[in-house]
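The values are calculated or read from the model by the stated rules, or taken from the named source; none is laboratory data. What you see is a predicted model; the values in this text were computed from it and never measured. As a convention, Cβ positions derive from the backbone with ideal geometry for all residues, glycine included, and neighbour counts pool all protein chains shown.
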Amino acid sequence: MEEFEFERREVDPTLTAAAELFESCGYWTTIEQVASRAGVEAAIVRRRYGTIAAVEAALVDTLHGLLVATVLVRTPKPSEVGGIAAGMTDRSLADRLWVWVDAIRDSAREHPAVVRYALAARRSPWLAREVQAGAHRLREVFALHLGRPGLSDVGAARVFDSLALFMLGRLTHRGSSEELSESDEVGMLVALIHALERRDAARAGGPEVGEANGPR
(Lines give C-alpha, C1' and ligand atoms only; values in the text may rest on other atoms or scores of the structure.)
Protein backbone atom coordinates (compact mmCIF):
# COMPACT_ATOMS: atom_id res chain seq x y z
CA MET A 1 0.00 0.00 0.00
CA GLU A 2 1.25 3.48 -0.80
CA GLU A 3 2.79 5.56 1.98
CA PHE A 4 1.79 9.21 2.26
CA GLU A 5 4.38 11.74 3.31
CA PHE A 6 3.75 15.44 3.61
CA GLU A 7 6.14 18.06 4.92
CA ARG A 8 4.76 20.51 7.43
CA ARG A 9 5.26 23.76 5.52
CA GLU A 10 5.02 27.29 6.78
CA VAL A 11 2.05 29.20 5.41
CA ASP A 12 3.09 31.95 3.00
CA PRO A 13 2.37 35.30 4.70
CA THR A 14 1.01 36.48 1.37
CA LEU A 15 -1.75 33.89 1.66
CA THR A 16 -2.54 34.99 5.20
CA ALA A 17 -2.87 38.58 3.96
CA ALA A 18 -5.06 37.42 1.08
CA ALA A 19 -7.36 35.42 3.34
CA GLU A 20 -7.86 38.40 5.63
CA LEU A 21 -8.68 40.61 2.66
CA PHE A 22 -11.00 38.05 1.06
CA GLU A 23 -12.93 37.89 4.34
CA SER A 24 -13.28 41.68 4.56
CA CYS A 25 -13.40 42.77 0.90
CA GLY A 26 -14.58 39.66 -0.91
CA TYR A 27 -14.00 39.23 -4.63
CA TRP A 28 -13.04 42.88 -5.04
CA THR A 29 -9.63 42.08 -3.52
CA THR A 30 -6.71 42.88 -5.83
CA ILE A 31 -3.14 41.67 -6.14
CA GLU A 32 -1.99 45.16 -5.14
CA GLN A 33 -4.01 45.05 -1.93
CA VAL A 34 -2.67 41.62 -1.05
CA ALA A 35 0.91 42.74 -1.68
CA SER A 36 0.46 45.90 0.37
CA ARG A 37 -0.96 43.99 3.33
CA ALA A 38 1.79 41.37 3.11
CA GLY A 39 4.48 44.04 2.86
CA VAL A 40 5.85 42.94 -0.51
CA GLU A 41 5.85 44.25 -4.05
CA ALA A 42 2.88 43.38 -6.25
CA ALA A 43 5.32 42.01 -8.84
CA ILE A 44 6.45 39.38 -6.33
CA VAL A 45 2.88 38.20 -5.75
CA ARG A 46 2.21 38.08 -9.50
CA ARG A 47 5.41 36.15 -10.13
CA ARG A 48 4.56 33.63 -7.42
CA TYR A 49 0.84 33.15 -8.10
CA GLY A 50 -0.05 34.91 -11.34
CA THR A 51 -3.62 36.00 -10.65
CA ILE A 52 -5.86 36.70 -7.71
CA ALA A 53 -7.82 33.56 -8.62
CA ALA A 54 -4.64 31.51 -8.30
CA VAL A 55 -4.06 33.04 -4.87
CA GLU A 56 -7.51 31.82 -3.81
CA ALA A 57 -6.78 28.32 -5.14
CA ALA A 58 -3.46 28.32 -3.26
CA LEU A 59 -5.35 29.05 -0.05
CA VAL A 60 -7.47 25.92 -0.47
CA ASP A 61 -4.45 23.80 -1.43
CA THR A 62 -2.67 25.11 1.67
CA LEU A 63 -5.58 24.07 3.89
CA HIS A 64 -5.58 20.56 2.42
CA GLY A 65 -1.83 20.25 2.92
CA LEU A 66 -2.01 21.54 6.49
CA LEU A 67 -4.69 19.04 7.48
CA VAL A 68 -3.04 16.01 5.89
CA ALA A 69 0.35 16.90 7.37
CA THR A 70 -1.16 17.43 10.83
CA VAL A 71 -3.06 14.13 10.77
CA LEU A 72 -0.10 12.12 9.52
CA VAL A 73 2.20 13.58 12.17
CA ARG A 74 -0.23 12.62 14.92
CA THR A 75 -1.13 9.12 13.77
CA PRO A 76 0.53 6.06 12.22
CA LYS A 77 0.97 6.04 8.49
CA PRO A 78 -2.24 4.97 6.73
CA SER A 79 -0.77 1.59 5.76
CA GLU A 80 -0.08 0.89 9.45
CA VAL A 81 -3.41 2.10 10.84
CA GLY A 82 -5.31 -1.12 10.20
CA GLY A 83 -8.79 -1.56 11.66
CA ILE A 84 -10.60 -2.03 8.36
CA ALA A 85 -14.33 -1.37 8.49
CA ALA A 86 -15.52 -4.89 9.30
CA GLY A 87 -13.41 -5.03 12.46
CA MET A 88 -13.88 -1.51 13.82
CA THR A 89 -16.25 -0.34 16.50
CA ASP A 90 -18.11 2.92 16.07
CA ARG A 91 -16.11 4.30 18.98
CA SER A 92 -12.84 3.64 17.13
CA LEU A 93 -14.24 5.29 14.02
CA ALA A 94 -15.37 8.30 16.05
CA ASP A 95 -11.91 8.57 17.64
CA ARG A 96 -10.37 8.81 14.17
CA LEU A 97 -12.86 11.48 13.14
CA TRP A 98 -11.88 13.45 16.25
CA VAL A 99 -8.29 13.51 14.96
CA TRP A 100 -9.55 15.46 11.92
CA VAL A 101 -11.71 17.74 14.08
CA ASP A 102 -8.66 18.56 16.19
CA ALA A 103 -6.49 19.04 13.09
CA ILE A 104 -8.90 21.66 11.74
CA ARG A 105 -9.23 23.38 15.10
CA ASP A 106 -5.49 23.47 15.77
CA SER A 107 -4.69 24.66 12.24
CA ALA A 108 -7.25 27.44 12.75
CA ARG A 109 -5.50 28.53 15.93
CA GLU A 110 -2.25 28.97 13.98
CA HIS A 111 -3.74 30.36 10.77
CA PRO A 112 -7.29 31.52 11.54
CA ALA A 113 -8.10 33.52 8.41
CA VAL A 114 -6.54 30.96 6.07
CA VAL A 115 -8.50 28.06 7.55
CA ARG A 116 -11.79 29.93 7.81
CA TYR A 117 -11.69 31.26 4.28
CA ALA A 118 -10.43 28.05 2.69
CA LEU A 119 -13.12 25.97 4.43
CA ALA A 120 -15.76 28.34 3.07
CA ALA A 121 -14.34 28.60 -0.44
CA ARG A 122 -13.23 25.02 -1.14
CA ARG A 123 -16.64 23.91 -2.45
CA SER A 124 -16.84 26.66 -5.06
CA PRO A 125 -17.23 24.81 -8.40
CA TRP A 126 -14.36 26.58 -10.15
CA LEU A 127 -12.06 26.19 -7.15
CA ALA A 128 -12.91 22.51 -6.88
CA ARG A 129 -11.61 22.09 -10.44
CA GLU A 130 -8.41 24.02 -9.73
CA VAL A 131 -7.50 22.08 -6.58
CA GLN A 132 -8.79 18.64 -7.54
CA ALA A 133 -5.40 16.88 -7.30
CA GLY A 134 -4.77 18.02 -3.73
CA ALA A 135 -8.38 17.45 -2.76
CA HIS A 136 -8.26 13.89 -4.10
CA ARG A 137 -5.11 13.18 -2.09
CA LEU A 138 -6.77 14.54 1.04
CA ARG A 139 -9.84 12.33 0.52
CA GLU A 140 -7.61 9.31 -0.09
CA VAL A 141 -5.72 9.85 3.17
CA PHE A 142 -9.01 10.64 4.96
CA ALA A 143 -10.59 7.33 3.92
CA LEU A 144 -7.47 5.29 4.73
CA HIS A 145 -7.03 6.96 8.09
CA LEU A 146 -10.64 6.18 9.00
CA GLY A 147 -10.02 2.52 8.13
CA ARG A 148 -12.37 2.89 5.16
CA PRO A 149 -10.19 2.24 2.08
CA GLY A 150 -13.25 0.94 0.25
CA LEU A 151 -15.23 4.15 0.72
CA SER A 152 -15.74 5.69 -2.70
CA ASP A 153 -14.11 9.00 -3.55
CA VAL A 154 -17.57 10.55 -3.75
CA GLY A 155 -18.42 9.09 -0.34
CA ALA A 156 -15.19 10.34 1.24
CA ALA A 157 -15.87 13.78 -0.26
CA ARG A 158 -19.35 13.85 1.23
CA VAL A 159 -18.14 12.89 4.71
CA PHE A 160 -15.24 15.34 4.66
CA ASP A 161 -17.44 18.13 3.30
CA SER A 162 -19.90 17.53 6.15
CA LEU A 163 -17.05 17.64 8.66
CA ALA A 164 -15.66 20.82 7.09
CA LEU A 165 -19.10 22.48 7.13
CA PHE A 166 -19.77 21.88 10.79
CA MET A 167 -16.25 22.97 11.74
CA LEU A 168 -16.68 26.16 9.68
CA GLY A 169 -19.79 26.89 11.72
CA ARG A 170 -17.81 26.40 14.93
CA LEU A 171 -14.95 28.62 13.80
CA THR A 172 -17.21 31.43 12.61
CA HIS A 173 -19.78 31.08 15.43
CA ARG A 174 -22.60 30.84 12.93
CA GLY A 175 -24.47 28.10 14.75
CA SER A 176 -27.68 28.72 16.64
CA SER A 177 -28.04 28.41 20.41
CA GLU A 178 -29.67 25.04 19.76
CA GLU A 179 -26.82 23.65 17.67
CA LEU A 180 -25.66 20.08 18.19
CA SER A 181 -22.66 19.35 20.35
CA GLU A 182 -19.42 18.32 18.66
CA SER A 183 -19.96 14.77 19.94
CA ASP A 184 -23.40 14.70 18.30
CA GLU A 185 -21.89 15.98 15.04
CA VAL A 186 -19.22 13.27 15.08
CA GLY A 187 -21.90 10.67 15.79
CA MET A 188 -23.82 11.88 12.74
CA LEU A 189 -20.67 11.51 10.61
CA VAL A 190 -20.28 7.91 11.80
CA ALA A 191 -23.88 7.23 10.78
CA LEU A 192 -23.27 8.91 7.41
CA ILE A 193 -20.25 6.69 6.76
CA HIS A 194 -22.32 3.56 7.45
CA ALA A 195 -25.11 4.79 5.18
CA LEU A 196 -22.69 5.49 2.32
CA GLU A 197 -21.04 2.09 2.73
CA ARG A 198 -24.42 0.35 2.63
CA ARG A 199 -25.29 2.28 -0.52
CA ASP A 200 -21.97 1.42 -2.19
CA ALA A 201 -22.31 -2.25 -1.19
CA ALA A 202 -25.85 -2.39 -2.58
CA ARG A 203 -24.71 -0.87 -5.87
CA ALA A 204 -21.85 -3.34 -6.10
CA GLY A 205 -24.03 -6.28 -5.08
CA GLY A 206 -21.70 -7.16 -2.19
CA PRO A 207 -22.24 -7.69 1.55
CA GLU A 208 -23.21 -4.65 3.54
CA VAL A 209 -20.59 -3.03 5.74
CA GLY A 210 -21.02 -1.25 9.01
CA GLU A 211 -23.98 -2.99 10.63
CA ALA A 212 -22.10 -5.58 12.69
CA ASN A 213 -19.07 -3.72 13.85
CA GLY A 214 -18.87 -5.04 17.39
CA PRO A 215 -19.61 -3.12 20.58
CA ARG A 216 -20.36 0.57 20.30
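Against the condition part of a helix (DSSP H, G or I), at pLDDT below 95 and surrounded by 14 or more Cβ atoms within 10 Å (Cβ to Cβ), how does residue 59 come out, does it pass?
So residue 59 does not fit the description; no.
Given (1) surrounded by fewer than 20 Cβ atoms within 10 Å (Cβ to Cβ); (2) at pLDDT 90 or above; (3) touching a His at 6+ places or on another chain (Cβ under 8 Å), identify the lone condition not met by residue 66.
Only one criterion is unmet by residue 66, namely (1).
List the helices (runs of 4 or more DSSP H) inside region 122-203, counting only whole elements, that have at least 3 residues being β-branched (Val, Ile, Thr).
153-172
Just to be sure I understand the filter: pairs with C-beta atoms under 8 Å, separated by 6 or more residues or on different chains, first member in region 1-23 and surrounded by 10 or more Cβ atoms within 10 Å (Cβ to Cβ) and modelled with pLDDT under 50, second member in a loop (DSSP other than H, G, I, E, B) and among the charged types (D, E, K, R). Which pairs pass?
Correct list of pairs: 4/77.
Going through 191, 118 one at a time, which residue ends up being hydrophobic (A, V, I, L, M, F, W, C) and surrounded by 14 or more Cβ atoms within 10 Å (Cβ to Cβ)?
From the options 191, 118, the qualifying one is 118.
Only residues that are in contact with a Ser or Thr (Cβ under 7 Å, 6 or more places away or on another chain) and of a type in the set (D, E, K, R): list them for region 20-43, please.
Those that are in contact with a Ser or Thr (Cβ under 7 Å, 6 or more places away or on another chain) and of a type in the set (D, E, K, R): none in region 20-43.
Quickly run through region 161-216 and pick out the residues that are modelled with pLDDT under 60, closer than 22 Å to residue 99 by Cα and polar (S, T, N, Q).
213, the sole residue that qualifies.
Take the residues in region 69-95 that are surrounded by 21 or more Cβ atoms within 10 Å (Cβ to Cβ) and at pLDDT 85 or above; name whichever of them is farthest from residue 29 (Cα to Cα).
Looking at residues that are surrounded by 21 or more Cβ atoms within 10 Å (Cβ to Cβ) and at pLDDT 85 or above, I get 93.
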